[in-house]
Amino acid sequence: MKKLLSGNEAVARGFYEAGGHVATAYPGTPSTEILENMPQYGEDVYSQWSPNEKVALEVGIGSSFGGARTLVAMKHVGVNVAADPLLTLTYSGVKGGFVLVSSDDPGMHSSQNEQDNRFYAKFAKMPLLEPSDSQEAKDFVARALKISEEYDTPVMLRLTTRISHTKTLVELKEREEHNDLLGFEKNPPKYVMVPANGRKRHPIVEERTKKLKDLAENIDINKAEYNDKSIGIITSSIAYQYVKEVFPEASVLKLGMAFPFPINKVKEFAEKVEKLYVVEELEPFMEEMIKAEGIEVTGKDIIPRCGELNPKIIKNAVNKNKNEIKENKFEDVKTPIRPPVLCPGCPHRGVFYTLNKLNTVVTGDIGCYTLGVQKPLDAMDSTIAMGASIGVNIGLEKALGKEFSRKSVAVIGDSTFLHSGTTGLMDAVYNKGTNTIIILDNRITAMTGRQDNPSTGYTLMEEETKEVDFEKLAKAIGVERVKIVDSYDLNELKEVISNEIDKEEVSVIITKRPCMLIRRREYDIKTYRVDEDKCINCGLCLKVGCPAVIKNDDETKAKIVESMCTGCSVCAQVCPQDAIKLVK
Amino acid sequence: MSEVKSILLTGVGGQGVLTASEILSDALIDEGYDVKKAEVHGMSQRGGSVNSHLRYGEKVYSPLIEEGSADLIFSFEVLETIRFSKFLKENGKLVVNNMKIIPNSVYFSDVKYPKNPDKILKEVFKDNIYLFDAFKIAKDIGNAKFANVVMLGAISKIMGISDRSMEKAIENRVPPKTIEGNLKAFRQGKELV
Ligand SMILES: Cc1ncc(C[n+]2csc(CCOP(=O)(O)OP(=O)(O)O)c2C)c(N)n1
């Protein structure tokens, strides 16, 4: 049977079909739906969210050492977090097949950078498989597990946004069991990487890489398609589809396994074509390896290194066309931007409104609340990586003195705090900081589409479980001032935040209200309405930045779109005329 | 059957763009086409502008539609129609729900929501644009929620997708209790073009 599946759905299906046992992840666009699609196979596959990518990978290591077929998924920057165990796992090797899915984000559709994780495969010395559509995404999971077991190595399956989030037709199959390896056997020389053992493993890794190179030279997913030989293009991943679209006549060498690099196959192809190109997204990963062999090839001289590719960019680059500017039919019409915004009723809104009013320096973090940087909330001054808000806040205080912390806060979401914020908080207490840290507890990992985490009381497989208590956790770390406030109460927010900032010791403020999008949420939606007789069109309510608050058609009064309003009351609280009223 | 066709769907997060795209894909697969559908999740869910690239034919390579090459733009909101109209090929068609959703950004910048966007669109695209108030039509049938299906009716007629495939796809994707209303909305939509 054929089904239209996204690359992520196909990976989940592929793992199920290949007899997978344990799958773990921390969410991150564009990889999230891989694990979200796992519970449907819950009778055969155990799946879980871990608090961060490092733990997810370590759970995967244990599972593999226990002989289980294992999948660990994360977004590209997640591999940075998991890199420490990963770069030694490649020394230990595996028992049950181990596939690490890295979903990269060329174009930064929803990421803070566009690093090219193919280099991690080379760096960690693990084979790299790159599918170009959902069928391959599914098939390559089974391949990866097989290679992993045969060569005693973890395997990287690298997707990109366009593979993860593009739906293409996939042929489904039945599950095939692979239970023969299950069981743990003591083997310290392999599993205990003390220096003496690591030294013995390293030459084994080098030997393995040679054997894997032979595999890459012969494997059928590295395939030359000879056509017109005046142009030859080496390519991989989604770029392959773009190349086929714009140069259907060209000869193409498609590399489904680009590390270890099949240089002999490339040489053979290069000899048969007149003009050789390499078309790859982001870095010149293949290009550098081709050039290192003295083969003449055109790549990043003409193909951009920044952003994602598309068929047009490739066509124009190869044909040396100028990017012709299309006549704009709406030259005189300006189109206002429509960026993502905090939802109506979002509990983060009141906090950022307050921080803006208090004129604070806000070291920020990553989540829906990063949207607090936008106008009109305009209240975030740094965002680097998950968990960084607290460390950056501490660093500013160490550099500029305690006075700096009298006008500064760190903000961090619940999932982000559990991912990598606790160590920052320990640093603040341990090194005698006076920082104020706001934990924005909306009881979910919202940004990536509402995943549960250790503070929400549910697991990925929808079982009830214990909840982390942020207050007790902060106190156990040594924070004496812990305050809990209602995210919808602007007066309380203002009072507590200004009060805690003033104190010369570490404070933690936990702002509490559930995200509007939580599935299990019980809805009791009230709505507000503008009393037109009272409204003086001052525009203050628009400054809370709620999509439900607009102006009426002739822009003479404020208006609330009732179908969008959730009754959070934040706009009503800022109205100086008391013109925004609950609809009875 | 060999030529690849492209439909670009645009709208605002929460309007049901992605579901409409799912229904169309299902119908096209049922018709025997190869189908690819690309969209970006994540940020776009939060009221931002959303689009979905849908391509079908005997064999589709690139899932992305190039500027100036869409056979049809299927839009849920007028500003987004203007924004993405550069994707349309010469004499391509547009099916547009005549709805305005004002982004909050207009209150904090000089760029305002265009005045009379429907007129502007009509002037440029003339007979190639089908602009209608799908919500009103859907409400008249009984439920504003059927608006997207009204539009799907219009599209299926323009693209020549069979009723059988469309109806099957709709039945599979909407809540069972609403099937009858949705099918009515679908037939109403076909009358509009
Ligand atoms: C290392 C890393 N992993 C994952 C992500 C993807 N990501 C961005 S924000 C976020 C979680 C946000 O959740 P939370 O802190 O609870 O804030 P909310 O979105 O709920 O406001 C995740 C998983 C990332 N950017 N970096």
In order over segment A:333-341: 3J(HN,Hα) from phi, Karplus 6.51/-1.76/1.60, θ = phi - 60°, whole Hz, x for each Gly or Pro, gives 9, 8, 10, x, 6, 10, x, x, 9
Subtracting the Cα-Cα distance of A:Glu176 and A:Lys357 from 0.36 nm times their residue separation yields 59.2 nm
Relative to chain A, whose Cα atoms define the longest principal axis, helix A:76-92 and its Cα axis are tilted in degrees, nearest 10, by 40 degrees
Per-residue accessible area, 1.4 Å probe, largest first, puts B:Phe135, A:Phe259, A:Phe123 in the order A:Phe123, B:Phe135, A:Phe259
Over its alpha-carbon atoms, segment B:151-191 yields an Rg and a Dmax in Å of 9.5, 28
Here segment B:93-106 yields Karplus 3J(HN,Hα) values (6.51, -1.76, 1.60; θ = phi - 60°; whole Hz; Gly and Pro given as x) of 9, 10, 10, 10, 7, 7, 10, 10, 10, 7, x, 4, 4, 5
In Å², rounded to a whole number, the accessible area per residue of segment A:528-582 with probe 1.4 Å is 48 Å²
Sorted list, accessible surface of protein heavy atoms, 1.4 Å probe, largest first, for A:Tyr488, B:Tyr33 is B:Tyr33, A:Tyr488
The relative contact order of segment A:528-582, taking Cα pairs under 8 Å that sit 6 or more residues apart, comes to a percentage of 49 percent
At the level of C-alpha centres, the distance separating segment B:96-173 and segment A:119-139, in angstrom, is 41 Å
Expected output for segment A:4-37, residues with a loss of 30 Å² or more in accessible area relative to the chain alone at probe 1.4 Å, reads A:Leu4
So, over other residues within a Cβ distance under 12 Å of A:Val574, counting Lys, Arg +1 and Asp, Glu -1, the net charge is +3
Per residue of A:234-246, other chain Cβ atoms within 10 Å number on average 3
1/(1 + (r/R0)^6) with r = Cβ-Cβ of A:Lys581 and A:Asp502, R0 = 35 Å, i.e. FRET efficiency to nearest 0.05, evaluates to 0.50
Here P(r) for segment B:79-193, Cα-Cα distances in 5 Å bins, as whole percents, is 2, 11, 20, 18, 18, 14, 10, 5, 2, 0
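Rounded to the nearest 100 Å², what is the buried accessible area between B and A, both sides summed, probe 1.4 Å?
Rounded to the nearest hundred, the buried surface is 4500 Å².
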Highest mean packing first, using Cβ neighbours within 10 angstrom, the peptides B:179-186, A:158-165, A:223-230, B:47-54 sort as A:158-165, B:47-54, B:179-186, A:223-230
Binned at 10 Å starting from 0, the alpha-carbon pair-distance distribution of segment A:528-582 in whole percents comes out as 27, 65, 7
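How would B:Phe108, A:Phe184, A:Phe330 line up by accessible area, probe 1.4 Å, largest first?
A:Phe184, B:Phe108, A:Phe330
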Debye calc, one equal point scatterer per Cα of segment A:348-512, no solvent, log10 I(q)/I(0) at q = 0.11, 0.14, 0.15 1/Å comes to -0.39, -0.64, -0.73
So the angle from the long Cα axis of helix A:348-357 to the longest Cα principal axis of chain A, reported in degrees to the nearest 10, equals 60 degrees
Once amide hydrogens are built 1.01 Å from N within the peptide plane, the residues lying 5 or more places from A:Lys275 or on another chain with amide H under 5 Å from its amide H are A:Ile231, A:Gly232
Low-density loop GluC sites (Glu not before Pro), segment A:78-160, at most 12 other Cβ within 10 Å, DSSP non-H/G/I/E/B, are none
Summed over the other residues with a beta carbon less than 13 angstrom from that of A:Val496, with K and R at +1 and D and E at -1, the charge totals -1
Carbon and sulfur atoms account, in whole percent of the 1.4 Å probe accessible area of chain A, for 50 percent
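To the nearest 0.05, what FRET efficiency results for B:Lys112 and A:Glu471 with a Förster distance of 56 Å applied to their C-beta separation?
0.75
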Relative contact order of segment B:5-190 (C-alpha contacts under 8 Å, at least 6 apart) in percent is 21 percent
For B:Tyr130, the residues 5 or more places away or on another chain with a placed amide H closer than 5 Å to its own amide H are B:Leu94, B:Val95, B:Val96
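What is the antiparallel percent of DSSP beta bridges lying wholly in chain B, to the nearest 5?
Here the antiparallel bridges make up roughly 50 percent for chain B.
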Using alpha carbon centers only, segment A:410-446 is separated from segment A:521-577 by a whole-angstrom value of 32 Å
By the mean-Cβ-within-10 Å protection proxy, highest first, A:285-294, B:78-87, A:137-146 rank as A:137-146, B:78-87, A:285-294
For peptide A:166-172, the mean count of other chain Cβ atoms within 10 Å per residue Cβ is 5
The ratio Rg/Rh over the Cα atoms of segment A:2-218, Rh being the Kirkwood inverse mean 1/r radius, stands at 0.95
Placing one equal point scatterer on each C-alpha of segment A:222-319 and summing with Debye, one gets log10 I(q)/I(0) at q = 0.13 Å⁻¹ equal to -0.37
In nm, the gap between the two label points placed 7 Å beyond Cα toward Cβ at A:Asp301 and A:Arg519 is 5.3 nm
Rounded to the nearest 500, the 222 nm mean residue ellipticity computed for the protein assembly as shown from DSSP H runs (n ≥ 4, each -39500 (n - 2.57)) alone is -10500 deg cm²/dmol
Square roots of five times the C-alpha gyration tensor eigenvalues of chain B, ordered largest first and given in whole Å, equal 24, 20, 16
Across B:57-67, the residue-averaged tally of Cβ atoms belonging to other chains within 10 Å stands at 6
The ³J(HN,Hα) series, computed from each phi in segment B:126-134 with the Karplus coefficients 6.51, -1.76 and 1.60 at θ = phi - 60°, rounded to the nearest Hz and given as x for glycine or proline, is 6, 6, 7, 10, 10, 10, 8, 8, 5
Longest principal axis of chain A (C-alpha) makes with the long axis of helix A:237-246 (C-alpha) an angle, in degrees to the nearest 10, of 80 degrees
For the pair A:Tyr191 and A:Asp554, the simple spin-label estimate (label points 7 Å beyond Cα toward Cβ) gives in nm 7.9 nm
Extension length gain for A:Lys267 and A:Glu288 (0.36 nm per residue less Cα distance), in nm, is 6.2 nm
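First select every other residue whose beta carbon is under 11 angstrom from the beta carbon of A:Met257; then total the charges, Lys and Arg +1, Asp and Glu -1.
On the way: positive: A:Arg143, A:Arg158, A:Lys213, A:Lys223, A:Lys254, A:Lys265; negative: A:Glu130, A:Glu217, A:Asp220.
It works out to a net charge of +3.
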Ordering A:501-510, A:459-468 by per-residue average of other C-beta atoms within 10 angstrom, highest first, gives A:501-510, A:459-468
Percent of all alpha-carbon pairs of segment A:95-249 at distances over 27 Å, whole number, is 36 percent
Cross-link reach from A:Lys213 to lysines, straight Cα distance under 20 Å and at least 8 residues apart if same chain, gives A:Lys122, A:Lys125, A:Lys146, A:Lys223, A:Lys254, A:Lys265, A:Lys267, A:Lys291
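When a/c reaches 1.5 or more, the comparison of a/b and b/c decides; with that in mind, is segment A:473-537 rounded, prolate or oblate per its Cα gyration tensor?
Verdict is oblate for segment A:473-537.
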Note to self: with every protein chain in place and a 1.4 Å probe, segment A:348-512 gives an accessible area per residue in Å² of 40 Å²
Rounded to whole Å², per residue accessible area for segment A:2-218 with a 1.4 Å probe reads 35 Å²
Unit-weight point scatterers at every alpha-carbon of the protein assembly as shown, Debye formula, q = 0.05, 0.06 1/Å: log10 I(q)/I(0) is -0.28, -0.41
For the pair A:Asn321 and A:Met461, the simple spin-label estimate (label points 7 Å beyond Cα toward Cβ) gives in nm 5.3 nm
Scoring segment A:296-382 by relative contact order with C-alpha pairs under 8 Å, at least six apart, yields a percentage of 20 percent
Across 10 Å bins beginning at 0, the whole-percent shares of Cα-Cα pair distances in segment A:152-228 come to 12, 23, 35, 22, 8, 1
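The values are calculated or read from the model by the stated rules, or taken from the named source; none is laboratory data. This one's a predicted model, so the numbers in the text were calculated from it and none came from an experiment. Ideal geometry is used to build each Cβ from the backbone, glycine not excepted, and the neighbour counts take in all protein chains shown. Quick note on the areas: whole protein, heavy atoms, side chains included, nothing else; ligands and nucleic acids left out. Shrake-Rupley method; radii C 1.70, N 1.55, O 1.52, S 1.80 Å.
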